[in-house]
Every structure is written in structure tokens, then in C-alpha cells.
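Since the structure comes first, as C-alpha cells, the remarks are kept for the end.
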Amino acid sequence: MNLVVNRTTWINKVKTLQYVNKALVLRKLNISEEDYNNLWLDGGTHYLRVVLAIDEDTAQDLINSNLYWKWWLNHWHRWDAAFLQTAKITKPKCWTKLYDELHDPSEKGLAPNKKLLKEMLAESVVDKLIAENEI
């Protein structure tokens with residue numbers, strides 16, 4: 001009797017969906033994976049510096065936080081899914097503009113909650129202290 005059941009976890013299902021969605025976005029927008037990565041990286045740094053308008057030191061601390069990027073990518077993937085749904089009823093010549101609009105956080109009221117923000121900053125500060133004190 002086989003007691004071990006191979007199941008796909010919810011996390012694996014989400015990762016698979018994000019991978020498939022990313023491939024569809026690349027194809028629809030005719031962009032490379034490097035271009036895609038630059039979009040979300042530039043969007044994440046722009047969000048900190050312009051939308052949240054935080055000071056440069058804090059922005060840099062968050063840019064160095066893995067937790068921040070996980071939070072940001074989670075939202076980015078949701079916006080990708082919204083793009084793919086909306087693209088079904090949108091003319092292909094409008095897809096680039098639609099993608100930019102759906103991925104613009106300035107009108108979304110988006111911000112990490114207080115607890116998460118503290119964890120992001122603490123992670124970055126601790127990592128910086130460890131790096132500075134390594135021999």
C-alpha cells in the first residue's frame with residue numbers, strides 16, 4: 001500500500017500559473033524575459049521613490065529587501081493576470097498601453113501594511129549589519 005500521495009501544493013499551482021502567465025505576457029507584448037524583468041524591477045524602484053516618495057536611504061533599504069521584492073512581485077503577477085483577462089477583449093494594438101496602465105501603482109492606493117514594512121526594513125538593516133561586520 002502506497003501511503004505517500006503526490007499532490008501539487010497550492011504554492012506550486014500558483015508558481016506554475018505565474019510562469020504560464022509570464023510566458024503569455026512575453027508573447028503578447030513581444031518582449032524578452034530581460035525586458036520583462038526590467039519592467040518589474042524599474043516599476044518597483046519607481047514605486048518606492050516616486051509613488052511612496054520615501055527618502056533615498058529608506059528606499060535603498062527596501063530595494064535590498066528580499067521580502068519587499070516578493071511583495072512587489074506578488075502584486076505584479078496579479079496585474080499580469082488582470083492584463084491577460086482584459087487583453088482577451090482588447091485590440092492587440094492597445095496591449096502595451098493596457099499593460100502599462102494595469103501595472104501603474106500610483107492610482108491603486110498600494111502600500112505594504114505596517115507589520116510587513118517593519119519586517120522589510122528590519123531584514124535589510126540586519127543584512128547590512130551582518131555584511132559590514134563580516135571578516
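The values are calculated or read from the model by the stated rules, or taken from the named source; none is laboratory data. The model shown is predicted, which means the values in this text are computed figures rather than measured ones. Counting neighbours? That spans all protein chains shown, and the Cβs are built from the backbone with ideal geometry, glycine included.
Quick notes on this one:
- Members of the stretch 43-70 that are closer than 19 Å to Lys114 by Cβ, buried (at least 19 other Cβ atoms within 10 Å of the Cβ) and among the small types (Gly, Ala, Ser): Ser65
- Arg27 vs. criteria surrounded by 14 or more Cβ atoms within 10 Å (Cβ to Cβ) and basic (Lys, Arg): no
- Among the candidates Asn74, Asn30, residue that is within 14 Å of the chain's Cα centre (by Cα) and free of Cβ contacts under 8 Å to residues at least 12 places away in the same chain: Asn74
- Residue within the stretch 75-98 that is of a type in the set (Phe, Trp, Tyr) and more than 18 Å from Ile31 (Cα to Cα) present: no
- Scan the stretch 81-128 for residues that are free of Cβ contacts under 8 Å to residues at least 12 places away in the same chain, part of a helix (DSSP H, G or I) and among the β-branched types (Val, Ile, Thr) and the total you get is 1.
- Looking across the stretch 102-116 at every residue that is over 16 Å from Trp69 (Cβ atoms) and not polar (S, T, N, Q), the one that is surrounded by the fewest Cβ atoms within 10 Å (Cβ to Cβ) is identified as Gly109.
- Note on the stretch 91-114: residues that are charged (D, E, K, R), within 19 Å of Tyr36 (Cβ to Cβ) and modelled with pLDDT of 95 or more total 3.
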